[in-house]
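Here is the structure we will look at.
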Amino acid sequence: QVQLVESGGGLVQAGGSLRLSCAASGSIFSIIATGWYRQAPGKQRELAALITSGGATNYAASVKGRFTISRDNAKNTVYLQMNTLKPEDTARYYCFVNQNAGWHWGQGTQVTVSS
């Protein structure tokens, strides 16, 4: 099993920044990709950003140029640096790990951007 613990969410004004962290523990192997999905009230969950085991990154068009995903392999932690936040970035952000054996999810962390 894989356990994911997220932190770093909160309330910020538009134009501000936040950094989300996701620390993984447990059976961490054969990882295909890890990253963040987000879900706003009344909307479907959508991919915000991911990083593959090879280091390739992928971003939603709406966050490209403002969000940066990175990882620290020594700490088994992935980060999402979010800059120039907009009210439409308000959502619950869920960390995920995609392994050969399946997907694992964190409990989510709330990001609220006020206008």
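The values are calculated or read from the model by the stated rules, or taken from the named source; none is laboratory data. Treat the numbers as computed from the prediction; the structure is a model and nothing was measured. Every residue, glycine as well, gets a Cβ built from its backbone with ideal geometry; the counts of neighbours run over all protein chains shown. These accessible areas exclude ligands, DNA and RNA; they are computed on the full protein's heavy atoms, side chains included. Shrake-Rupley method; radii C 1.70, N 1.55, O 1.52, S 1.80 Å.
In table form, for the structure just shown:
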item: Gain on full stretching of the segment that runs from THR52 to ILE28 - 0.36 nm per residue minus C-alpha separation; result: 7.2 nm
item: Selection from ALA74, ALA60, GLN3, by position along the positive dipole direction of the chain (Cβ); result: ALA60
item: Loop sites in the range 1-109: GluC sites (Glu not before Pro), DSSP, at most 16 other Cβ within 10 Å; result: none
item: 5 angstrom amide H check on ALA48, placed H, neighbours 5+ away; result: TRP36, TYR37, ARG38
item: Under 25 Å from LYS86, Cα to Cα: lysines that are on another chain or at least 8 residues apart; result: LYS43, LYS64
item: Probe 1.4 Å, all protein chains present, accessible-area order of ARG71, ARG19, largest first; result: ARG19, ARG71
item: Solvent-accessible heavy-atom area per residue, rounded to whole Å², over the chain at 1.4 Å; result: 52
item: Tail beyond 16 Å, pair distance distribution of the range 1-49 (Cα, percent); result: 58
item: Sparse-neighbour loop sites [chymotrypsin sites (Phe, Trp or Tyr not before Pro); the range 1-100; at most 10 other C-beta within 10 Å; DSSP]; result: PHE29
item: Apportionment of accessible area to carbon and sulfur, the range 57-115, percent (1.4 Å); result: 46
item: The chain, dipole about Cα centre (Lys/Arg Cβ +1, Asp/Glu Cβ -1), debye to the nearest 20; result: 120
item: Heavy-atom SASA rank of SER115, SER21, SER53 (probe 1.4 Å, accessible area, largest first); result: SER115, SER53, SER21
item: Listed residues LEU18, ASN83, LEU50: farthest to the positive end of the dipole of the chain (Cβ charges); result: ASN83
